[in-house]
Each structure stands twice: as C-alpha cells, then as structure tokens.
Amino acid sequence: MNDNSSYGKLYVVGTPIGNLGDFSARGVETLQNADYIAAEDTRVTLGLLSRFDIKKPLISCYKPKEQEKSERIIALLESGQTVAMVSDAGMPCISDPGAVLVKKCAERNIPVEVIPGCNAAVAAVALSGLDAERWVFEGFLPVPKKEREKRLELVRNLPHALVFYEAPHKIKQTLCDLRDTLGGERRAVLCRELTKIHEETIRGNLDMLSHYYDDLEPRGEYVIVIEGEREKNAEYTLEQAAEIARQLVAGGEKLSDACRETAKITGIPKRDIYSALANDNGGNL
C-alpha cells in the first residue's frame, strides 16, 4: 500500500437539485475550504458558488472527458491539494461524473470523503406513494433501440420498484417504451422539476402517462417511479389473451389498439400479446 500521508483529499459533495435552501452547511463549508473545485459544468457551478460567495479555482470534469480530466485532478491530489467534486445537481457519481475519479483515488490510496446531499431518485421514491421498500435505480435508459429493449427486458419481471431518469426531449418515447414493455396497467409516478418552482407530480399508470404529453410540451427534468411486477392475473393465460386480441382485430380494431386493450383486460403485458400474434404470421406483422 502506498504512503498517502502527503496526499490531499477528494471530497465528493452533493449539491441542491433545485432549491438552494437544501444545500447543507457542511457542503458549503467543504467548498469554502477546498483548494480546487472539480465541476461537471463550470458555468453551472459558478452560479452556485456566487450565491454562497465562494471563490475557488474550477476544473471541468464532464462525462466525455472524465478519464482525461481525472488524471489532472489526481495529480493535484498527489501534490497535497484538496479537491471538492460536484455535479450540476445532486450527488456526483450517480448518473453524473465522479465515479471514474473516485475509482482512480481508490486504486492509488488517495483519501476520499463524501458529503451527502440531495438525490432526485431518493426524493422521487419517497414522494411516489408506491410500494418501494425495495427499488432498483436504472438511471437513463440507453438510446439505441436494441440496447434499450434489452435493458427493459432485464428488469420487466423484477418485483422491485423501478426508477428512471429522463430528459424532456425523450420523455414521450420513453414512457411509450415503458408502457409497451412493462404493461400499460403498471402503476407509475412521473416527478418533474423536483424541489423547483414548477415541481409537479403526476400519478397514474403507464398507459395514462404515455398519453399525458400528447397535447403538452414536456419541460424540465424527470424521474419516473414504476411499481414492481405483480403476480400475473391467474384468470388469463397468454394464449387466452392472444385470442381476445385476435377477436378485437377481427372486429376492426387496429393491432396495436387491440393488444393494448387486451392488456388492460387480462393484466398480461401488451408486448407479450403482440409477440404471440406475431407467431400467427411467422413472426411478421
């Protein structure tokens, strides 16, 4: 083990996710006493520092350059300087930069101390009102369609509540993907702009939420909390559900609408019903 007696220390500091009144006295004091502040976006952090009259040298450390920037910060720490790491909002390392730097510090025996702060996922779970004694944090879903589908398939049957982050320009598609994979009847809560002026909590199921922005323009940052998978409705098998959907299609319903309606009736996910009908046509619909 290397001698770390001459090393500085890295402080991982949680910052407010909206309301500046949530910034802890310990967090403010840590930034005041640090030699340098490593920031996800220096422009955002400058705004925070100015509110608390803190003037410190800033180093940018954002995701695309995190490896490169971390080496510079490590050099400062090894020279005896103290560095406070912050993200734009919330806890560094949680869907934000910081994990690479902390890992490098651990590998080189550089001291690290965490200053806990706000976290949007934890706040949303507490606010959700869903059964979330156990929950799984998924953060942002992958953008490529195949990777996204693979990720959702991995979590669709978990009994734990699921927590996702999403940006406004992708929230409509994400809600539709969640509905189609997890089932429209799955209860969910959409938390928007937590702790900010326009904070909003929208409760319903994934079918309802997937249509919430049909006539509205999404704004702000989102956390989605979804109940875990419940026991399947024992009254219906997948084949029975597929037959109901076939009858709806024969009666003039569009295939997608028939699968969605059948999912509501049976409690079986729309995706499973759609796949069963695809087998009727050799996998092609």
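Each reported figure results from applying straightforward, stated rules to the coordinates on display, with no laboratory input. Everything quoted here is computed from the prediction, not taken from an experiment. Cβ atoms come from the backbone with ideal geometry, glycine included; neighbour counts cover every protein chain shown.
For region 39-113, a Kirkwood radius taken over Cα pairs fed into Stokes-Einstein (37 °C, viscosity 0.692 mPa s) yields D = 258 µm²/s. As I understand it, the value is the acute angle between the Cα axis of helix 255-266 and the longest principal axis of the Cα atoms of the chain; what does it come to in degrees, rounded to 10? That helix lies at roughly 90 degrees to the long axis. Look at the dipole of the chain built from charges on Cβ: of SER95, PRO269, ALA132, the Cα furthest out on the positive end belongs to SER95. Can you give the % of DSSP beta bridges in region 1-129 that are antiparallel, to the nearest 5? Among the beta bridges of region 1-129, antiparallel pairing accounts for roughly 5 percent. Placing a pseudo-label 7 Å from each Cα along the Cα-to-Cβ vector at ASN109 and LEU46 gives an inter-label distance of 4.0 nm.
Note on ARG72 and ASP53: the extension gain reaches 4.3 nm, defined as 0.36 nm multiplied by sequence separation minus the Cα-Cα distance.
Each of ILE115, LEU154, PRO144 was placed along the dipole of region 109-187 (beta-carbon charges, centred on the mean Cα), and the one lying farthest toward the positive end is PRO144. Between LYS150 and ALA99, the simple spin-label model (points 7 angstrom out along Cα→Cβ) gives 1.6 nm.
Since only LEU49, LEU238, TYR165 are under comparison, the one whose Cα sits farthest along the positive direction of the charge dipole of the chain, derived from C-beta charges on Lys, Arg, Asp and Glu, is LEU49.
Near the amide H of GLY117, within less than 5 Å, lie the amide hydrogens of GLY14, all on another chain or at least 5 residues away, with H placed in the peptide plane.
Along its principal axes, the chain has C-alpha extents of 75, 43, 30 angstrom, given from the largest down.
Calculated mean residue ellipticity at 222 nm for the chain: -11500 deg cm²/dmol, from DSSP H runs with n ≥ 4 weighted as -39500 (n - 2.57), summed, divided by the residue count and rounded to 500.
Would you mind checking the tilt of helix 238-250 against the longest principal axis of the Cα atoms of the chain, expressed as 0 to 90 degrees and rounded to 10? The angle comes out near 70 degrees.
A simple charge model with +1 on the Cβ of Lys and Arg, -1 on the Cβ of Asp and Glu and nothing else charged puts the dipole of the chain at about 520 debye relative to its Cα centre. The angle between the Cα long axis of helix 66-78 and the main principal axis of the chain comes to about 30°, on a 0 to 90 degree scale. When +1 charges are put on Lys and Arg Cβ atoms and -1 charges on Asp and Glu Cβ atoms, the dipole computed for region 238-281 relative to its Cα centre reaches about 180 debye.
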